[in-house]
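The values are calculated or read from the model by the stated rules, or taken from the named source; none is laboratory data. As the structure is a prediction and not an experimental result, all values here were calculated from the model. Note: ideal-geometry Cβ built from the backbone for every residue, glycine included; neighbour counts use all protein chains shown.
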Amino acid sequence: MRECFELRDADAGGRIGELTVPRADATVETPALLPVINPNLDTISPRRLAEEFGAEILITNSYIIYGTEDVRERALEEGLHDLLDFPGAIMTDSGSFQLAEYGEIDVTTEEILDFQRRIGSDIATPVDIPTPPDVPRERAADELATTQDRLEVAEGVDTGEMLVTAPVQGSTYPDLREDAGRHAAETDLDVFPVGAVVPLMNDYRYDDMIDAVAGAKRGLGADAPVHLFGAGHPMMFALAVAMGCDLFDSAAYALYARDDRYLTVRGTRHLEDLEYLPCSCPVCTAHSPDELRALPDREREEELAAHNLHVTFEEIRRIKQAIRAGNLLELVEQRARAHPTMLDGYRALLDHADQLERSDPVSKGAFFYTSHESARRPEVVRHHRRLERLAVPDALFLTEGRTDGGDAYDNAWRVQPPFGPFPRALSKSYPLTAEVPDRTDRGALAAAADGVARLVEDNPETEFALGHRGWPADVLARVPDRVELIELSGGAE
Ligand SMILES: [Zn+2]
């Protein structure tokens with residue numbers, strides 16, 4: 001376990017954790033949002049972020065401070081906390097983003113880390129190479145090697161109590177992300193940003209984003225605090241948390257406000273298109289859309305930024321509560337309905353159900369089957385894997401109907417979509433207590449059939465019969481041929 005990070009609760013790949021930031025003498029609960037502060041212009045003051053929005057941590061760019069003479073001198077003299085007037089923890093970025101945008105920067109990792117330490121940063125960042133998506137593999141690998149050299153340099157710099165990040169690059173190559181994660185976890189650095197995902201999010205490529213994070217997580221392991229660098233839209237937080245991201249930074253709240261854009265958990269709206277405000281934050285209860293539109297530019301931007309922050313922090317709290325309650329994936333399913341590309345993201349997440357299953361708690365409150373994607377959740381994967389451990393008699397009837405005697409079979413197990421077969425004794429155990437709609441869908445039936453197939457393959461000596469309520473032919477085709485099929489009449493259980 002990394003000293004600075006402690007895990008408290010988990011659900012799927014998501015977790016509630018505590019990041020200890022010794023230099024700030026602070027503990028930050030994760031998942032956490034770090035509002036981005038531009039030291040040259042703040043839309044909402046850092047003091048207000050702390051007091052009104054409860055921000056425990058923020059992020060600012062040390063390279064901008066370094067490059068702006070008067071701000072630099074003040075930062076060195078007063079320290080970052082006084083300069084920004086912020087009582088919580090402060091993370092600093094290094095200029096890697098500027099490197100990606102403008103091609104070069106005039107500072108080395110040693111210099112920028114030393115500068116971050118001298119201005120009083122609590123979590124510093126070395127200069128890595130943020131390789132964009134879809135570059136040739138050779139370039140991604142070369143640039144990753146440079147990033148890894150810089151991380152080794154960073155390890156050697158005297159940074160005192162300051163935490164230092166180890167960015168994980170590798171473009172859109174999940175295996176490079178995994179290598180990068182493994183290398184970063186082997187350093188003595190502390191926080192692990194998954195870098196260069198902004199272009200993916202700008203293009204709504206949430207599935208590729210999930211694959212990049214999943215790769216990084218495989219290398220990093222469970223105990224590493226993971227920062228999804230540049231991810232600030234509340235619509236995708238639940239998805240990213242479910243894959244194991246702990247920290248987010250939002251410049252979006254301010255940038256979107258500047259363009260009259262209004263954030264919601266279901267996407268972005270233009271203020272000019274809103275006839276109603278679907279929110280009860282202080283901004284939205286105090287104004288009608290017309291009143292907001294009538295405000296002078298500067299005031300309107302500030303009000304919109306405040307609303308954007310309210311929905312953003314609210315979503316983080318909702319996600320934490322979902323982790324506590326064990327229904328994070330149901331929240332992800334809701335968010336996935338906001339946009340087809342979010343649904344792609346959720347489906348990509350489920351492609352990693354095996355990986356998620358490792359951290360998913362064995363028991364939770366209740367499993368709600370709320371979309372046909374639910375059939376691919378880690379709980380279903382786990383049930384199928386556990387089938388091999390169950391003792392099976394010589395002849396076994398698997399049935400969607402009654403299992404309590406009166407039949408020609410001595411032994412009968414229940415079959416319940418999406419899980420498939422299980423002995424009656426387990427029917428009160430999670431997740432088999434699932435709430436499933438009466439109008440079953442094909443995804444649930446197919447998963448149940450796969451469970452049957454798994455059990456049959458695990459027990460080649462046993463004779464099986466399957467009683468089903470009119471499963472379609474393509475679902476039955478998933479069941480091995482040697483299983484006797486019995487179609488049950490509908491009606492009574
Ligand atoms: Zn609002």
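The listed residues are Ala10, Ala24, Ala50, and the only one of them that is in contact (Cβ under 8 Å) with a residue 24 or more places away in the chain, of a type in the set (Gly, Ala, Ser) and closer than 30 Å to Glu299 by Cβ turns out to be Ala50. Would it be correct to say that Ala336 is away from the ligand (no atom under 16 Å from the Cβ), touching a residue at least 12 places away in the same chain (Cβ under 8 Å) and farther than 21 Å from Arg269 by Cβ? For Ala336, the condition - away from the ligand (no atom under 16 Å from the Cβ), touching a residue at least 12 places away in the same chain (Cβ under 8 Å) and farther than 21 Å from Arg269 by Cβ - is not met.
If the condition is being farther than 12 Å from Pro39 by Cα and either surrounded by fewer than 16 Cβ atoms within 10 Å (Cβ to Cβ) or of a type in the set (S, T, N, Q) (or both), then segment 88-104 contributes Ser94, Ser96, Gln98, Glu101, Tyr102, Gly103, Glu104. Across segment 455-493, the number of residues qualifying as within 36 Å of the chain's Cα centre (by Cα) and under 21 Å from Tyr409 (Cα atoms) comes to 5.
Check whether at least one residue in segment 84-96 is farther than 20 Å from Phe192 by Cβ and either part of a strand (DSSP E or B) or touching a residue at least 60 places away in the same chain (Cβ under 8 Å) (or both), and report yes or no.
First, the residues of segment 84-96 that are farther than 20 Å from Phe192 by Cβ: 84-88.
Right, trim to either part of a strand (DSSP E or B) or touching a residue at least 60 places away in the same chain (Cβ under 8 Å) (or both) and you get 88.
Yes, some residue in segment 84-96 is farther than 20 Å from Phe192 by Cβ and either part of a strand (DSSP E or B) or touching a residue at least 60 places away in the same chain (Cβ under 8 Å) (or both).
Set side by side, the residues Gly195, Gly221 differ, and just one is surrounded by fewer than 24 Cβ atoms within 10 Å (Cβ to Cβ) and either within 28 Å of Glu18 (Cβ to Cβ) or within 15 Å of the ligand (Cβ to nearest atom) (or both), which is Gly221.
Do we find a residue being in the same structural domain as Val241 (by the TED database), within 21 Å of Val168 (Cβ to Cβ) and touching a residue at least 24 places away in the same chain (Cβ under 8 Å) anywhere in segment 62-83?
yes
May I ask you to verify whether Arg300 is out of contact with any Pro (no Cβ under 7 Å at 6 or more places or on another chain), buried (at least 19 other Cβ atoms within 10 Å of the Cβ) and farther than 30 Å from Thr30 by Cα? Here the answer is yes, as Arg300 does meet what is asked.
You will find that of Val191, Val197, Val153, the residue that is among the aliphatic types (A, V, I, L, M), over 17 Å from Ala222 (Cβ atoms) and touching a strand residue (DSSP E or B) at 6+ places or on another chain (Cβ under 9 Å) is Val197 and no other. Applying the set (1) β-branched (Val, Ile, Thr); (2) farther than 17 Å from Ala124 by Cα; (3) buried (at least 24 other Cβ atoms within 10 Å of the Cβ) to Thr264 leaves exactly one unmet item: (3). Restricting the search to segment 339-354, which residues are in contact (Cβ under 8 Å) with a residue 40 or more places away in the chain and under 13 Å from the mean Cα position of the chain (by Cα)? Correct list: Met342, Gly345, Tyr346, Ala348, Leu349, His352. State which residue is farthest from Asp211 (Cα to Cα) when the search covers only segment 243-268 and only residues that are among the acidic types (Asp, Glu) and within 17 Å of the chain's Cα centre (by Cα). So the residue we want is Asp249. Which residue is farthest from Ser250 (Cα to Cα), if the candidates are limited to segment 202-235 and must be aliphatic (A, V, I, L, M) and either at pLDDT below 95 or outside any helix (DSSP H, G or I) (or both)? Here the residue is Ala222. Take Leu255 and tell me if it is in contact with a helix residue (DSSP H, G or I) (Cβ under 8 Å, 6 or more places away or on another chain) and either modelled with pLDDT of 95 or more or away from the ligand (no atom under 15 Å from the Cβ) (or both). Here the answer is no, as Leu255 does not meet what is asked.
A quick yes/no check of all residues on (1) aromatic (Phe, Trp, Tyr); (2) modelled with pLDDT under 95; (3) within 20 Å of Asp246 (Cβ to Cβ); (4) buried (at least 20 other Cβ atoms within 10 Å of the Cβ):
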site	(1), (2), (3), (4)
Pro289	no, no, no, no
Ala294	no, no, no, no
Ile319	no, no, yes, yes
Leu356	no, no, yes, yes
Val392	no, yes, no, no
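Return the residues of segment 275-288 that are under 27 Å from Asn202 (Cα atoms) and away from the ligand (no atom under 11 Å from the Cβ); say none if nothing qualifies. Across segment 275-288, the qualifying residues are Glu275, Tyr276.
Of all residues in segment 305-333, which are hydrophobic (A, V, I, L, M, F, W, C) and more than 16 Å from the ligand (Cβ to nearest atom)? If the condition is that a residue be hydrophobic (A, V, I, L, M, F, W, C) and more than 16 Å from the ligand (Cβ to nearest atom), then Ile319, Ala322, Ile323, Ala325, Leu328, Leu329, Leu331, Val332 are the ones that fit.
Can you find a residue in segment 259-268 that is more than 13 Å from the ligand (Cβ to nearest atom), at pLDDT 95 or above and farther than 27 Å from Val332 by Cβ? Looking through segment 259-268, at least one residue is more than 13 Å from the ligand (Cβ to nearest atom), at pLDDT 95 or above and farther than 27 Å from Val332 by Cβ. Counting only residues that are in a strand (DSSP E or B) and touching a Gly at 6+ places or on another chain (Cβ under 9 Å), segment 11-20 holds 3 of them.
Here is a yes/no grid of residues against (1) in contact (Cβ under 8 Å) with a residue 60 or more places away in the chain; (2) surrounded by 12 or more Cβ atoms within 10 Å (Cβ to Cβ); (3) part of a loop (DSSP other than H, G, I, E, B):
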| position | (1), (2), (3) |
| --- | --- |
| Tyr430 | yes, yes, yes |
| Thr433 | yes, yes, yes |
| Asp438 | no, no, yes |
| Ala447 | yes, yes, no |
| Ala453 | no, yes, no |
| Gly467 | yes, yes, no |
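There is no residue in segment 148-158 that is in a helix (DSSP H, G or I), among the basic types (Lys, Arg) and either under 30 Å from Ile316 (Cα atoms) or free of Cβ contacts under 8 Å to residues at least 12 places away in the same chain (or both).
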